[in-house]
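Engineer: Quick one: the structure is below, questions incoming.
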Amino acid sequence: MAKENPSTTQPADQWPPSQKLKRALSRRFPRLRIAYDWTRGQIRWRTDQAKALLGLLSFPRWSRSLRWIRTEIRTQLRRRSEPRLTVGIEIASFWEPLTGIGWYLYRLLEHLAAQDDLRIRLYGPSSVVSDDLEEPVVSLPVGPAIERIERRVPEGLILPRGWLIRWLRWLEPLAIAADGNQVLFAPNYFLPRRFDLATGARVATVHDLGLRHFAWTLRRETLAELNEKFAHAVFEASRLITVSAAIKAEMVAEGLAEADRITPIHHGPGQLASVEPGSLPQGVPSEFALHVGTIEPRKNVSGLLEAWRRLRDRRPDAPQLVLCGKFGWKSESVKAEVQRCAREGWLLHLGYVEDAELAALYRGARVVVFPTLYEGFGLPAVEALWAGAPLVCSDLPVLREVTGGAALFAPADRPDLFADRVEQVLGDAALRTRLVEQGKSRVAELSWHRTADLTASVWAQAAGRAWESGAVA
């Protein structure tokens, strides 16, 4: 137990002589007292540091450190000697609520997880695990093909755990390169910079060329960076995947890549195909038309509102227009227009809705309208076909391709013709029935099994490996 200070427990006249002498000297020579206290503090600090160093250099810490290093080396050697086709993929998109591209990657992994001739290595925001790194918002697919790359630093090593985590994250590009992946897959155009040192063949999916055709919708500095990254990604890719033949044709026509490097692969039937429809959102009338998509310039919502005004002039009983989707970039002008139409009583803007409600909206719509100016695939059109809703959409090559003609088409810049097509659907029951039947036949041809199989085939081509078509169960 530490000794009590006599000055706090005894009167001054009862202090021992040594204490009285120390107090007298400290008052007579204050600098000496300060120097004494500082020196004593330094001695204590250095003593503590020496004790800590001796603890770090203790045999148990050395033993744990050597075992950890040996395990890491063995793991690295095992990864490099993997006989199966190895594919490295960053899955940082799984740490946020999944959007279209996130679901695209998730469905690919889900349908490839059971393959015993693939090894798909998943890299999160950091492959070095720490307490501050959250888990993904979705459960990762599990199967013999899936390997989540995680590097764990235990406690009790020679060096502090925090230091080692920071160093390993700084060295992560070297660690990824050392994994020896034969293919590096970019599901959304670009690979992250930490893959730069890896030597595997590059494969990238190009979803559309919106950054070239609609550059005015992006910030100038963002556009410059995206164009540079896009050109580099296309140049270094051994193989490119497009989500439609129309996008492949655009890339070839613009001289971005040779046709023999590009493979068009359609998506599956969309996320809603596995969702049980719920109840309609509150406020939705029994008769309505539906538009789904973020409200941004490319979706041409202004053109749709103009078409609906024309339709209402012809048919005062036209169903209410329901918009599903949040306001996006550069939507200020159309936002005011949407609010004005809502006040007039013929438009309902729901914003974001959950999947079960969205499935119910598709199922209940008299007609689904999709007047987009540009698409790479056009998922809302496919979702309308899946739900059995008549579809009126823009007359774009990609939408004719994806729908297989199971829709009525009008030029996106002709609101009058778009209104004509909607009026046709609303007034002709036989036409609605025919469109629904054609749509169901078409959507039955879209399969995530096929998408996954063709994607794996492209990976194998890039790596110079054989792949048996139809191998995905």
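Engineer: What are the residues in the range 310-329 that are loosely packed, with under 15 Cβ neighbours inside 10 Å and in contact (Cβ under 8 Å) with a residue 40 or more places away in the chain, if any? Can you show your working first?
Structural biologist: Our first condition is that a residue be loosely packed, with under 15 Cβ neighbours inside 10 Å; within the range 310-329, this holds for 313-317, 326, 329.
Once the filter is applied, which keeps residues that are loosely packed, with under 15 Cβ neighbours inside 10 Å and in contact (Cβ under 8 Å) with a residue 40 or more places away in the chain, the range 310-329 yields Arg314, Arg315, Trp329.
Engineer: Across the range 439-466, which residue is surrounded by the most Cβ atoms within 10 Å (Cβ to Cβ) among those that are small (Gly, Ala, Ser) and under 30 Å from Glu236 (Cβ atoms)?
Structural biologist: This residue is Ala456.
Engineer: Among (1) surrounded by 15 or more Cβ atoms within 10 Å (Cβ to Cβ); (2) at pLDDT below 95; (3) under 21 Å from Val402 (Cβ atoms); (4) not hydroxyl-bearing (Ser, Thr, Tyr), which single condition is Leu226 missing?
Structural biologist: Of the numbered conditions (1) surrounded by 15 or more Cβ atoms within 10 Å (Cβ to Cβ); (2) at pLDDT below 95; (3) under 21 Å from Val402 (Cβ atoms); (4) not hydroxyl-bearing (Ser, Thr, Tyr), the odd one out for Leu226 is (3).
Engineer: Here are some residues: Ala387, Ala407. Which one is modelled with pLDDT of 95 or more, farther than 16 Å from Lys299 by Cα, surrounded by 20 or more Cβ atoms within 10 Å (Cβ to Cβ) and touching a Pro at 6+ places or on another chain (Cβ under 9 Å)? Talk me through it step by step, then tell me what you get.
Structural biologist: Details: Ala387 fails: modelled with pLDDT of 95 or more.
The conditions single out Ala407.
Engineer: So which of Ile265, Ile247 ends up being touching a Pro at 6+ places or on another chain (Cβ under 8 Å) and in contact (Cβ under 8 Å) with a residue 40 or more places away in the chain?
Structural biologist: Working: Ile265 fails: touching a Pro at 6+ places or on another chain (Cβ under 8 Å).
From the options Ile265, Ile247, the qualifying one is Ile247.
Engineer: On to the next question. Which of the numbered conditions does Ile158 fail, given that it passes all the others? Conditions: (1) more than 24 Å from the chain's Cα centre (by Cα); (2) buried (at least 18 other Cβ atoms within 10 Å of the Cβ); (3) of a type in the set (Val, Ile, Thr).
Structural biologist: (2)
Engineer: Within the range 304-358, work out how many residues are over 19 Å from Gly100 (Cβ atoms) and either outside any strand (DSSP E or B) or aromatic (Phe, Trp, Tyr) (or both).
Structural biologist: 32
Engineer: Considering each of Val422, Val436 in turn, give the residue that is buried (at least 17 other Cβ atoms within 10 Å of the Cβ), in a helix (DSSP H, G or I), in contact with a Gly (Cβ under 6 Å, 6 or more places away or on another chain) and hydrophobic (A, V, I, L, M, F, W, C).
Structural biologist: Val436
Engineer: Sticking with this one: Starting from residues that are at pLDDT 90 or above and touching a Ser or Thr at 6+ places or on another chain (Cβ under 6 Å), keep the ones in the range 155-171 and report whichever is nearest to Ile69 (Cα to Cα).
Structural biologist: My answer is Ile165.
Engineer: Pairs needed: first member in the range 433-462, under 30 Å from Arg202 (Cβ atoms) and modelled with pLDDT of 95 or more; second member anywhere, aromatic (Phe, Trp, Tyr) and outside any helix (DSSP H, G or I); C-beta distance under 7 Å; at least 6 residues apart or different chains.
Structural biologist: Going by the 7 Å Cβ cut-off, the qualifying pairs are Ala456/Trp467; Ser457/Trp467; Trp459/Phe185; Ala460/Trp467.
Engineer: Condition check: modelled with pLDDT under 95, touching an Asp or Glu at 6+ places or on another chain (Cβ under 6 Å) and not β-branched (Val, Ile, Thr). Does Gly376 satisfy that?
Structural biologist: So Gly376 passes the test.
Engineer: Same structure, new question: How many of the residues in the range 268-277 are within 19 Å of the chain's Cα centre (by Cα) and more than 12 Å from Pro380 (Cα to Cα)?
Structural biologist: Summing the residues that are within 19 Å of the chain's Cα centre (by Cα) and more than 12 Å from Pro380 (Cα to Cα) in the range 268-277 gives 1.
Engineer: Another one. Pairs under 7 Å by beta carbon, first residue under 19 Å from Ile241 (Cβ atoms) in the range 96-125, partner part of a helix (DSSP H, G or I) and of a type in the set (Phe, Trp, Tyr), six or more apart or different chains?
Structural biologist: Every condition considered, the pairs that remain are Gly102/Phe94; Arg107/Trp448; His111/Trp448.
Engineer: Within the range 130-147, take every residue that is of a type in the set (A, V, I, L, M) and exposed (fewer than 14 other Cβ atoms within 10 Å of the Cβ) and give me the one that is farthest from Ile165 (Cα to Cα).
Structural biologist: Residue satisfying both the conditions and the ranking: Val142.
Engineer: Only one of these is at pLDDT 95 or above, within 29 Å of the chain's Cα centre (by Cα) and crowded, with 22+ Cβ neighbours inside 10 Å: Val392, Val369, Val301. Name it.
Structural biologist: Exactly one residue qualifies, and that residue is Val369.
Engineer: Sort through Ala35, Ala50, Ala2 and tell me the only one that's at pLDDT below 95 and not in a helix (DSSP H, G or I).
Structural biologist: Sole residue among the options that is at pLDDT below 95 and not in a helix (DSSP H, G or I): Ala2.
Engineer: Just one of the numbered conditions (1) buried (at least 19 other Cβ atoms within 10 Å of the Cβ); (2) part of a helix (DSSP H, G or I) is not true of Arg400; which one?
Structural biologist: Answer for Arg400: the failing condition is (1).
Engineer: Of the numbered conditions (1) exposed (fewer than 15 other Cβ atoms within 10 Å of the Cβ); (2) touching a residue at least 24 places away in the same chain (Cβ under 8 Å), Ala336 fails exactly one; give the number of that condition.
Structural biologist: That leaves (2) as the condition not met.
Engineer: I would also like to ask the following. Any idea which of Thr294, Thr242 is at negative phi and modelled with pLDDT of 95 or more?
Structural biologist: Thr242
Engineer: So, in the range 104-146, exactly how many residues are in a strand (DSSP E or B) and under 14 Å from the mean Cα position of the chain (by Cα)? Working first, answer last.
Structural biologist: First, pick out the residues of the range 104-146 that are in a strand (DSSP E or B): 118-123, 128, 146.
Those left that are additionally under 14 Å from the mean Cα position of the chain (by Cα): 122-123.
The qualifying residues number 2.
The values are calculated or read from the model by the stated rules, or taken from the named source; none is laboratory data. All values reported here derive from a predicted model rather than from experimental measurement. Cβ: placed from backbone, ideal geometry, glycine included. Neighbour counts: every protein chain shown.
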